[in-house]
Amino acid sequence: MLRYALRRILAALPVLLLVSLMSFAIVWIVPGDVAAEMAGPTATAEELARLRERLGLNRPWHEQLVGWYWALAQGDLGESILLRQGVGAAILERLPVTLSLTFLALGIALVAGTALGVVAAVRAGKGADRAAMGAALVGFSVPDFWLGLVFVYVFAVQLAWLPTGGYVPFGQDPIGWARGMVLPAATLALAQIGLFARMTRAAMLEVLRQDYVRTARAKGMPGWVVIGKHALRNALIPVVTVAGIACGVLLGGTVVIESVFSLPGVGRLIVGAIQRRDYPVIQGGLLLTATIFVCVNLAVDLLYAWLDPRIRHGR
């Protein structure tokens, strides 16, 4: 298992290297003068010169690249032009909001989607199957930003059950945190519930046709034991693989959901940086998001190998 983990870590390094190069290249890809875009139309020539020197834009590109990697090796992501603070500090300040939203949405999607998929597979061709797959189709089709507005109107404005937005840290008030996060997490999770439901149903139908499942039933085992102990674990292998991709999708979806529900997360920070042309924040946000995505997929690969020993043995 350790050798397999080391191989997966080494395979992830080129991805991080490519992402860091893409983050560095943002200032070169943007058309026009980056310093002029950041400073605005009222900036004087002296202000532009100071900003170029501050960002290192007056140096050759290869020196800038070396400086970029040297700063990354020291954990320095630069300084935000507008916030007047380090990019790393600004991101870490908002990261708990984004991570809690992402993983809460992933948990909701996994539990609800797996349950729907199991019910649909066990009742294949019946009303429960059609209802579950219909719900999955609705989840795929509804835009999350529209659903978020509907949830706010129904549950926050009309029923007054939940707040319209805002964030309370978990350590400060767990109940307040849950009340503030349930609507955005449910909104973000809906499309992935449909994905997990369809994947679980397809995998369960394949597993339920296997000989060992028929043997377990022939021995007189209760149906819930056959489904839960024998069939579901093997059916979860492709679902776990999709979970890594779904986590990346959810992480990207926080950009919209945080804006809808006024959550002070990294996604909202990046949106503001794009609107105001704060390129150091954009670079740091892109690099951090990609790093989280790579780490999550690495964890999924290790879990996949634990569920199926043939993977780590190269079979």
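The values are calculated or read from the model by the stated rules, or taken from the named source; none is laboratory data. Since the model is a prediction, treat every value here as computed from it, not as a measurement. All Cβ positions, glycine included, derive from the backbone under ideal geometry; neighbour counts span all protein chains shown.
Within segment 261-278, the set of residues being farther than 19 Å from LEU92 by Cβ and either in contact with a His (Cβ under 8 Å, 6 or more places away or on another chain) or buried (at least 22 other Cβ atoms within 10 Å of the Cβ) (or both) comprises just one member, PHE261. When each of LEU162, LEU147 is tested for being surrounded by 15 or more Cβ atoms within 10 Å (Cβ to Cβ), in contact with a Lys or Arg (Cβ under 8 Å, 6 or more places away or on another chain) and hydrophobic (A, V, I, L, M, F, W, C), the lone residue that passes is LEU162. Taking the criterion of being hydrophobic (A, V, I, L, M, F, W, C) and out of contact with any helix residue (DSSP H, G or I) (no Cβ under 6 Å at 6 or more places or on another chain), the residues of segment 275-301 that qualify are ILE292, CYS295, ALA299. Restricting attention to segment 125-137, and to residues there that are of a type in the set (A, V, I, L, M, F, W, C) and surrounded by 14 or more Cβ atoms within 10 Å (Cβ to Cβ), which single residue is farthest from the chain's Cα centre (by Cα)? That would be ALA128.
VAL152 passes every criterion in (1) over 15 Å from THR187 (Cα atoms); (2) hydrophobic (A, V, I, L, M, F, W, C); (3) in contact (Cβ under 8 Å) with a residue 24 or more places away in the chain apart from (1).
Exactly one of these conditions fails for LEU83: (1) at pLDDT 85 or above; (2) among the hydrophobic types (A, V, I, L, M, F, W, C); (3) more than 17 Å from VAL182 (Cβ to Cβ). Give me its number. Looking at each condition in turn, LEU83 falls short on (1).
Results for (1) touching a residue at least 12 places away in the same chain (Cβ under 8 Å); (2) more than 19 Å from the chain's Cα centre (by Cα), shown as yes or no for each residue.
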| position | (1), (2) |
| --- | --- |
| GLY148 | yes, no |
| ALA156 | yes, yes |
| TRP161 | no, yes |
| GLY166 | yes, yes |
| PRO169 | yes, yes |
| PRO184 | yes, no |
| THR187 | yes, no |
| LEU195 | yes, no |
| MET199 | yes, no |
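Only residues that are out of contact with any helix residue (DSSP H, G or I) (no Cβ under 9 Å at 6 or more places or on another chain), within 15 Å of SER20 (Cβ to Cβ) and not in a helix (DSSP H, G or I) were counted in segment 46-84, giving 1.
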